[in-house]
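Structure first, then comments.
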Amino acid sequence: MLDLAIIGGGPAGLTAGLYATRGGLKDVVMFEMGMPGGQITGSSEIENYPGQEKVMSGLDLMQSWPEQAMKFGLKHEMKKITSVVKNDDIFTLTSEDGNTFESKAVLLATGSVPRRAGFKGEDEFFGRGISTCATCDGFFYKGKEVAVIGGGDSALEEAVYLSKICSKVYLVHRRDTYRAAPSTIEHMKNTQNIEEVTNVDVEEVYGDMSGVTGLKVKSKIDGAIKDLEVPGVFVFVGRDVLNESIKNDDGSFICDTDKQGQVVVDLKMRTSLPGLYAAGDVRIDAAKQVVCAAGDGATAAVDIIEFLG
Ligand code: FAD
């Protein structure tokens, strides 16, 4: 029987693991389906993690986190958890490979995944010219033109990153204002080889057997169609939370969530189901930042220690 099962090994899960084990819990397992580190490891640069003055990649930032947590006894199981059920004060977690694990408390720290934009050709060409990770796939377009779709911090940051590898970046956005930090907007606007294509809807991404060859965008002002002949399209239009593991068979959830499926928590990261906690991007009102996810993880662990007495 585990004291605590942590689902997800991003900043929230890793920090919770560190605080829980250092705080005295003996059997704490972090279930992470991939490599620990979370979604920030796919980001080319982070410059707002306190204490890290140097701009660094997400991978570099997260490198020491697992080791630090494991030093105090956190264990890592590389498994995807598919269900969580509570009976008689005991949680049973089931992993994709059919194993089950019992735990006295559970922390859901599963974060989020890139949202699909919903344009024609998106599913067909996903992974064949359409990507949601500039650090992973940008190199394939060295010296070529690419398009970035989106208008938030991630889209702008990744457009700037791609501008250093690619000959030109079209920044395609449905509005003419951005939802990003002023410094990020300024950085993007000062980058010579980024061309803003604003007030447009993406009509279609098209291609052939070899992959993407271009995309068509339609002006929201006069309906004019513009054809951008690019072999690579990067989509950054937000993220959806990963909550499948806490779904009942009938589609409802084992604890309260909001309409988007984000988990409702109180200030101690407690959900409506005693013993189940949620931290990081998966919870309501998350600022969706590494430092906030880490803070949530610590907050949850402190209360879990008290809950387990
Ligand atoms: P995540 O980091 O998403 O980690 C969740 C983990 O859970 C993942 O590793 C996933 O594999 C695992 N998981 C999910 N479901 C299961 C399951 N069923 N079983 C087992 N494992 C599972 N933040 C900043 O502060 N500054 C930035 O500059 C910044 N830039 C960003 C740029 C990009 C391109 C992206 C994508 C994000 C950026 N962020 C930035 C946001 C930041 O990465 C997130 O807010 C943060 O990682 C959230 O942490 P988390 O632990 O809640 O979730």
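The values are calculated or read from the model by the stated rules, or taken from the named source; none is laboratory data. Only a predicted model underlies this, so the values are computations on that prediction, with no experimental measurement involved. Backbone-built Cβ (ideal geometry, glycine too); neighbour counts: all protein chains shown.
Key figures for this structure:
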{"quantity": "Matching residues in region 151-191 - criterion: being polar (S, T, N, Q), outside any helix (DSSP H, G or I) and free of Cβ contacts under 8 Å to residues at least 24 places away in the same chain", "calculated": "190"}
{"quantity": "Residue within region 281-301 that is away from the ligand (no atom under 15 Å from the Cβ) and in contact with a Phe, Trp or Tyr (Cβ under 7 Å, 6 or more places away or on another chain) present", "calculated": "no"}
{"quantity": "Residue tally, condition under 20 Å from residue 230 (Cα atoms) and either surrounded by fewer than 21 Cβ atoms within 10 Å (Cβ to Cβ) or assigned by TED's automatic domain parsing to the domain that holds residue 41 (or both), over region 139-159", "calculated": "6"}
{"quantity": "Members of region 36-48 found to be more than 6 Å from the ligand (Cβ to nearest atom) and at pLDDT below 95, listed by number", "calculated": "41, 44, 45, 47"}
{"quantity": "Test result for residue 31, under 30 Å from residue 157 (Cβ atoms) and either near the ligand (Cβ under 8 Å from one of its atoms) or exposed (fewer than 14 other Cβ atoms within 10 Å of the Cβ) (or both)", "calculated": "yes"}
{"quantity": "Leading residue by the ranking (modelled with the lowest pLDDT) among those in region 214-264 that are among the polar types (S, T, N, Q) and away from the ligand (no atom under 13 Å from the Cβ)", "calculated": "260"}
{"quantity": "Single condition residue 35 does not satisfy, out of (1) out of contact with any Ser or Thr (no Cβ under 8 Å at 6 or more places or on another chain); (2) over 21 Å from residue 308 (Cβ atoms); (3) part of a loop (DSSP other than H, G, I, E, B)", "calculated": "(1)"}
{"quantity": "Those residues of region 157-209 which are within 18 Å of residue 238 (Cβ to Cβ) and not hydrophobic (A, V, I, L, M, F, W, C), in sequence order", "calculated": "157, 158, 173, 174, 175, 177, 178, 179, 184, 198, 201"}
{"quantity": "Some residue of region 119-132 being surrounded by fewer than 21 Cβ atoms within 10 Å (Cβ to Cβ), in the same structural domain as residue 177 (by TED's automatic domain parsing), of a type in the set (D, E, K, R) and under 27 Å from residue 9 (Cβ atoms)", "calculated": "no"}
{"quantity": "Residue 51 vs. criteria more than 20 Å from residue 82 (Cα to Cα), modelled with pLDDT of 95 or more and out of contact with any helix residue (DSSP H, G or I) (no Cβ under 9 Å at 6 or more places or on another chain)", "calculated": "yes"}
{"quantity": "Counted residues, region 272-309 - those being part of a loop (DSSP other than H, G, I, E, B), modelled with pLDDT of 95 or more and surrounded by fewer than 24 Cβ atoms within 10 Å (Cβ to Cβ)", "calculated": "5"}
{"quantity": "Residues (out of contact with any Ser or Thr (no Cβ under 7 Å at 6 or more places or on another chain), closer than 13 Å to residue 290 by Cβ and surrounded by 17 or more Cβ atoms within 10 Å (Cβ to Cβ)) located in region 57-67", "calculated": "61, 65"}
{"quantity": "Checking residue 138 against (1) within 12 Å of the ligand (Cβ to nearest atom); (2) part of a loop (DSSP other than H, G, I, E, B), the condition it does not meet", "calculated": "(2)"}
{"quantity": "Filtered residues of region 104-116 (kept if at pLDDT 95 or above and more than 14 Å from the ligand (Cβ to nearest atom))", "calculated": "104, 105"}
{"quantity": "Cross-chain or 6+ apart pairs with Cβ under 6 Å, region 101-126 first and farther than 27 Å from residue 83 by Cα, then modelled with pLDDT under 95 and surrounded by fewer than 18 Cβ atoms within 10 Å (Cβ to Cβ)", "calculated": "122/116"}
{"quantity": "Pair list, Cβ < 7 Å and 6+ apart or interchain, from region 281-298 residues that are touching a residue at least 24 places away in the same chain (Cβ under 8 Å) and in the same structural domain as residue 36 (by TED's automatic domain parsing) to residues that are near the ligand (Cβ under 6 Å from one of its atoms) and acidic (Asp, Glu)", "calculated": "288/281; 293/281"}
